[in-house]
Amino acid sequence: MGHVMPRSCKEAPEPGPRATVRGETPRAGAPGEVTAGRPPELLRLAGGVSLHRRCAWHATALNAAVRANLDHLRPWMEWAAEAPTRAQTGRLTAAGAAAWDAGTDFIYLAGLDARPGSVIGAFGLHGRIGPGALEIGYWVSAEHVGRGIATAAARALTETALALPGIERVEIRCDQANGPSAAVPRKLGYRLDRVADTAVRAPGETGRQLVWIKER
């Protein structure tokens, strides 16, 4: 099988205007910039999986992956309460592209190297927890859980985040009841900093949020 070069986000125009999406809020201009650096757009993981910067041309595959995994995601993801339309996913990718360019959020999709364009999960470095820090968010499709993909991706993103200028801390947050998500930072040597009370926004949540931290 020949080697397939990853596509660049510059190869396709961004769909529609900038949009504000819960969890991925682009900030305009330098005042909102979390880091002056930018991470690699492609991160290779073990086992034939890669993280690709999420781009406009991913919208169709991403929409299909989310719709196929709604029952799997709904207990923990507020945005999975309803199936997104293709247009909504297009606006999501546009918002993510704007946030990447602004230096506030860096969104990746996980795909199988043997199936170019496939989407088996999503990961992000989010600048929503204050200066000098990024939060890792993630989900993996139901048919690929238990294979170490989330752990491998979070490890790569932790290293990537801490290599960015101005970033001194990485956090992973999850509900106390979400054991599989909590296992990821534990395996990676994160420190459990605190258990915080938070609003319940998804059916599986308890309102007790574990805040895991790793520092430079």
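The values are calculated or read from the model by the stated rules, or taken from the named source; none is laboratory data. Given the structure is predicted, the values throughout are model-derived calculations rather than measurements. We place every Cβ from the backbone using ideal geometry, glycine too, and count neighbours over all the protein chains shown. The accessibility values were calculated without ligands, DNA or RNA, using every heavy atom of the protein model including side chains. Shrake-Rupley method; radii C 1.70, N 1.55, O 1.52, S 1.80 Å.
Remarks
- Of everything in segment 120-136 that is open to solvent by 10 Å² or more (accessible area, probe 1.4 Å) and under 19 Å from THR151 (Cβ atoms), the residue that is nearest to the chain's Cα centre (by Cα) is ALA122.
- Per-region count, segment 101-114, residues surrounded by 22 or more Cβ atoms within 10 Å (Cβ to Cβ), over 9 Å from the mean Cα position of the chain (by Cα) and closer than 16 Å to HIS58 by Cα: 2
- Hey, PRO84 open to solvent by less than 20 Å² (accessible area, probe 1.4 Å), part of a loop (DSSP other than H, G, I, E, B) and modelled with pLDDT of 60 or more or not: no
- Listed conditions (1) hydroxyl-bearing (Ser, Thr, Tyr); (2) touching a Cys at 6+ places or on another chain (Cβ under 9 Å); (3) under 19 Å from VAL184 (Cβ atoms) are all met by TYR138, apart from (2).
- Out of GLU143, GLU135, sole residue that is closer than 20 Å to ALA97 by Cα and either without any contact (Cβ under 8 Å) to a residue 60 or more places away in the chain or part of a strand (DSSP E or B) (or both): GLU135
- Taken across segment 177-197, residues that are of a type outside the set (Val, Ile, Thr), assigned to a strand (DSSP E or B), under 16 Å from TYR138 (Cα atoms) and open to solvent by less than 60 Å² (accessible area, probe 1.4 Å) do not occur at all.
- Members of segment 198-209 that are open to solvent by 40 Å² or more (accessible area, probe 1.4 Å) and touching a residue at least 60 places away in the same chain (Cβ under 8 Å): ARG201, PRO203, GLU205
- Looking across segment 92-133, just one residue is over 16 Å from ARG38 (Cβ atoms) and among the acidic types (Asp, Glu), and that is ASP113.
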